[in-house]
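The values are calculated or read from the model by the stated rules, or taken from the named source; none is laboratory data. As the structure is a prediction and not an experimental result, all values here were calculated from the model. As a convention, Cβ positions derive from the backbone with ideal geometry for all residues, glycine included, and neighbour counts pool all protein chains shown. Each accessible area value is taken on the protein alone, full model and side chains, heavy atoms only, with ligands, DNA and RNA left out. Shrake-Rupley method; radii C 1.70, N 1.55, O 1.52, S 1.80 Å.
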Amino acid sequence: MKPLNHAERNTRLWKFALFYVLALALPLVASYYLFSDGSIAEENQKLKRELERTRDEQHKLLVQLDTLTSHLQRIELTDRQLRTESNDLVVGDLNKRTQDYLNAIAVTLSELRRDSTQMQFLTNKRLAHNILRDFDLFRSNRSTVDFLRQSLDKKGIDVSGKEEMAAELAQTKQLLATYQAAAANRPAPVMMGGGGGGSGSGGGGGGSARAADLQRRLQESLTQVALLSDQVNFANADCLRLRSAGMSKEQRKEMLEQSRKGFVAILQNPSSEDMKASVEKMIDSIDKELGRKRGIFGYK
């Protein structure tokens, strides 16, 4: 026995089946076109290759940076030993060891510079350039430090003993003044006292010669200290100038201004004419880059 609404039930059943098929067909068709398109798979492979390349580049950077850091630590340890060592043979061996470390740093930087030209990603390339810039600045400063150390060794001046030399000079001057006052207040010598007067005069002459020698040594030390101070300040200002090369326009301008102030400070009381000429050349170079002209009253 058929139900009274048989026709209506069949109609609604067909409608349900049709909507069910459509609802099922849409995601199936979309999935088919999505997974059958080869460009998506190629894009995934490309992303995987780029990720692998990035990891390789970062791994090389980390290895080279670890190598450079280890060389720096060895150089620092060697410098500590140099400051306390007095044996010439040991000092020569330590200097040779330091030079070997510096040569190893130069080789590693050369490899890093070669690898940076082959890097594909801007972040890794920028990081490599920053490392190269910082270590080039270190090598420049290191050359200045080695030059100053060699200059001190050649001149044989112990700048650290400046205070002791000044104290010894003051004592000698005081002793000389005492001798001169005693000689001035001494009565006219008789025949028997001629020898005593001669010995007093001889003592005064010896004290005067020692005071002159100490004065000369102190002046040499002061001159050397001033020269070393100017050279260190020159190196610091030049480092600021070199560091500005890889910065933006505003940061570069600010860094050049700081470098210029450092050079102008040296120019206020230069230790030598050569230092003055070198500082003026650097200031002229910075002013040219900043678009400045020298004022009527000199550098400001």
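In terms of solvent-accessible area of protein heavy atoms at a 1.4 angstrom probe, what is the ranking of K276, K249, highest value first?
Highest to lowest solvent-accessible surface, that is K249, K276.
What FRET efficiency, computed as 1/(1 + (r/R0)^6) with R0 = 51 Å and r the Cβ-Cβ distance, is obtained for R49 and K96, rounded to the nearest 0.05?
Working from the Cβ atoms, E equals 0.65.
The range 2-65: Rg/Rh from Cα coordinates, Kirkwood Rh?
Radius of gyration relative to Kirkwood radius: 1.60.
Determine the share of the range 42-154's accessible area contributed by carbon and sulfur atoms, expressed in whole percent, with a 1.4 angstrom probe.
Carbon and sulfur atoms account for 50 percent of the accessible area of the range 42-154.
Solvent-accessible area of K261, probe 1.4 Å, all protein chains present, reported in Å² to the nearest ten, please.
Answer for K261: close to 150 Å² accessible.
Among I266, S285, S229, whose Cα lies farthest out toward the positive end of the dipole of the range 225-300, if unit charges sit on the beta carbon of Lys, Arg (+1) and Asp, Glu (-1)?
About the Cα centre, the residue reaching furthest to the positive side is S285.
About the Cα centre of the range 42-154, how large is the charge dipole given +1 on each Lys and Arg Cβ and -1 on each Asp and Glu Cβ? Please answer in debye to the nearest 20.
220 debye
I need the phi-derived Karplus couplings for the range 263-269: 6.51 cos²θ - 1.76 cosθ + 1.60, θ = phi - 60°, integer Hz, Gly and Pro marked x.
After applying 6.51 cos²θ - 1.76 cosθ + 1.60, I find 5, 5, 4, 5, 5, 5, 8 Hz.
In nm, to one decimal, how far is the S272 label point from the F35 one, both placed 7 Å along Cα→Cβ?
Here the answer is 8.1 nm between the modelled labels.
Label point 7 Å out from D115 along Cα-to-Cβ: which residues of the range 52-67 have amide N under 15 Å?
53-67
For the pairs K249/K281; K60/K96; K125/K288; K261/K288; K253/K276; K125/K253, flag any whose C-alpha to C-alpha distance is greater than 21 Å.
K249/K281; K60/K96; K125/K288; K253/K276; K125/K253
Each residue of the range 72-83 in order: what ³J(HN,Hα) in whole Hz does its phi give by Karplus 6.51 cos²θ - 1.76 cosθ + 1.60, θ = phi - 60°, with x for Gly and Pro?
Using θ = phi - 60°, the values come out as 5, 5, 5, 5, 4, 5, 5, 5, 4, 5, 5, 5 Hz.
So what does S143 come to for accessible area, using a 1.4 Å probe and Å² rounded to 10?
Roll a 1.4 Å probe over it and S143 shows about 70 Å².
Could you tell me the accessible area of D88 in Å² (1.4 Å probe, neighbours in place), rounded to the nearest ten?
About 130 Å², rounded to the nearest 10.
Treating each Cα of the range 42-154 as an identical point scatterer and ignoring solvent, apply the Debye formula and state log10 I(q)/I(0) at q = 0.13, 0.20 Å⁻¹.
-0.60, -1.05
I need the calculated FRET efficiency for the pair E42 and F16, taking r as the beta carbon distance and R₀ as 35 Å, to the nearest 0.05.
Result of the calculation: an efficiency of 0.25.
Below 8 Å between Cα atoms, with a sequence gap of 6+, how large is the relative contact order for the range 42-154 in percent?
27 percent
Once phi is turned into ³J(HN,Hα) by the Karplus curve 6.51 cos²θ - 1.76 cosθ + 1.60 with θ = phi - 60°, what whole-Hz value does each residue of the range 26-32 show in order, with x for glycine and proline?
Per residue, the Karplus-derived 3J(HN,Hα) values read 4, x, 5, 5, 4, 5, 4 Hz.
Pull out the extension gain between D284 and D146, defined as 0.36 nm times the separation in residues minus the alpha carbon to alpha carbon distance; nm, one decimal.
Full-extension gain reported as 46.9 nm.
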